[in-house]
Amino acid sequence: MNAIPSRKHEYEAGKLAKRLRHQVGQAIADFNMIEDGDRVMVCLSGGKDSYTLLDILLKLRAKAPVHFDLTAVHLDQKQPGYDPDVLPGYLRSVGVPFEILEQDTYSVVKRVIPEGKTMCSLCSRLRRGSLYTYAAENGYTKIALGHHRDDIVETLFLNLFHQGTLKAMPPKLRSDDGRNVLIRPLAYCAEEDIAEYAGSQGFPIMPCNLCGSQENLQRKTIKAMLGEWERKHPGRVENIFRAIGNVAPSQLADRTLFDFAGLGTAVGGARADAHAWLAGEARETAEPS
Ligand code: SF4
């Protein structure tokens with residue numbers, strides 16, 4: 001009785017794994033994320049996204065036409081209740097080189113952020129600082145981050161609603177200090193797929209809430225809004241994501257992206273006609289009747 005559902009389940013799981021591998025491979029190719037000889041540092045937080053990222057990169061590398069190194073790097077931020085054995089145990093079992101860095105950012109964040117306020121923004125900034133410095137000092141050519149399609153769309157709306165800017169999270173960028181190139185190979189992957197994949201693979205997830213901090217409220221609200229849209233209009237989030245890669249600067253109003261001022265000279269005929277008409281009107285008005 002159980003054989004059919006289990007085969008179906010295996011089939012679905014296989015399809016999901018294939019879809020994720022395809023999407024990651026496509027993002028890598030579209031943005032030239034990984035090149036021959038790259039030393040890629042995979043930032044592993046211990047959450048579902050970074051485990052999935054590492055797992056898929058390892059599988060893709062096995063068949064890749066180019067040679068690149070992968071090293072998993074994790075920062076132990078000294079959160080209470082953190083189990084230092086979980087990640088090394090997993091990473092040894094999959095045979096990937098790794099480094100566990102240690103820095104007590106937890107105490108810093110606790111000291112600086114008032115009780116009851118969300119600590120995530122400062123905590124992430126400190127974590128990024130440590131990891132990016134480590135990458136620059138140790139010759140990594142790329143830093144792979146586990147942000148996915150839904151993170152990117154949420155960031156788009158956060159910036160739209162709260163900053164008045166039209167920007168999201170690019171699949172590839174140079175870090176602000178110019179020292180690192182960051183890549184987001186999961187950029188085309190839906191969070192729902194990643195969660196299902198991580199569950200099916202049995203990754204030993206380490207929750208990012210050992211510190212007791214709440215998720216940023218604004219991001220939470222946007223996540224709920226997008227979730228509601230997606231329930232009512234399946235495919236909407238994917239459409240929004242596609243729009244990020246399909247921008248028409250001439251249909252927006254950013255004068256630094258499109259030469260609106262020069263439009264008149266570019267379409268000389270229309271402007272000349274308008275000038276001739278205006279000149280004619282002026283002449284007729286000026287001539288005595
Ligand atoms: S939940 Fe805690 S550990 Fe995770 S980013 Fe926020 S402050 Fe940092």
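Amide H contacts of Ala144: Met41, Val42, Cys43, Ile183, each under 5 Å away and 5 or more positions distant or on a separate chain (H built 1.01 Å from N in the peptide plane; Pro and chain starts excluded). Shape class of segment 88-232 from the Cα gyration tensor (axes a ≥ b ≥ c, square roots of the eigenvalues): rounded, since a/c falls below 1.5.
Under the rule a/c < 1.5 gives rounded, and otherwise a/b versus b/c splits prolate from oblate, where does segment 1-87 land using the Cα gyration tensor? Oblate shape, in that a/c is at least 1.5 and b/c is the bigger or equal ratio. Less than 5 angstrom separates the built amide H of Asp38 from those of Asp69, all sequence-distant by 5 or more or on a different chain.
Per residue, the average separation of C-alpha pairs within less than 8 Å and at least 6 apart gives segment 3-247 a relative contact order of 25 percent. Of all beta bridges that DSSP places with both ends in the chain, some 15 percent have antiparallel geometry.
Taking Cβ atoms as reference points and 14 Å as the exclusive limit, the residues near His74 contribute a net charge of -2, counting Lys and Arg as +1 and Asp and Glu as -1.
The C-alpha atoms of the chain define a longest principal axis, and helix 149-162 lies at about 50 degrees to it. State whether segment 3-247 is rounded, prolate or oblate according to the following rule on the C-alpha gyration tensor (a ≥ b ≥ c being the square roots of its eigenvalues): a/c under 1.5 gives rounded; otherwise a/b larger than b/c gives prolate, and the remaining case gives oblate. Rounded, because the longest to shortest axis ratio a/c is under 1.5. From its DSSP helices (H runs of at least four residues, each -39,500 (n - 2.57)), the chain gives a residue-normalised ellipticity at 222 nm of -17000 deg cm²/dmol. Karplus-based coupling profile of segment 10-17, in residue order and whole Hz: 4, 4, 5, 4, x, 5, 5, 4, with θ = phi - 60° in 6.51 cos²θ - 1.76 cosθ + 1.60 and x standing for Gly or Pro.
What the phi angles of segment 51-56 give under the Karplus curve with 6.51, -1.76 and 1.60, with θ = phi - 60°, is a coupling list of 4, 5, 4, 4, 4, 6 Hz, glycine and proline written as x.
Across segment 24-33, computed HN-Hα scalar couplings (Karplus, 6.51 cos²θ - 1.76 cosθ + 1.60, θ = phi - 60°) run 5, x, 5, 5, 4, 5, 4, 10, 6, 6 Hz from first to last residue, x flagging Gly and Pro. Spatial offset of segment 105-176 relative to segment 70-95 amounts to 20 Å, using the alpha carbon center of each. Summarising the amide proton neighbourhood of Leu101: residues at separation of 5 or more, or on other chains, whose placed amide H is nearer than 5 Å comprise His74, Leu75, Asp76.
Bear in mind these aren't lab numbers, they're just calculated from the coordinates by the rules spelled out. In this text the structure is predicted, and so the values were computed from the model without any measurement. FYI the Cβ positions are ideal-geometry reconstructions off the backbone, even for glycines, and counts take in every protein chain you see.
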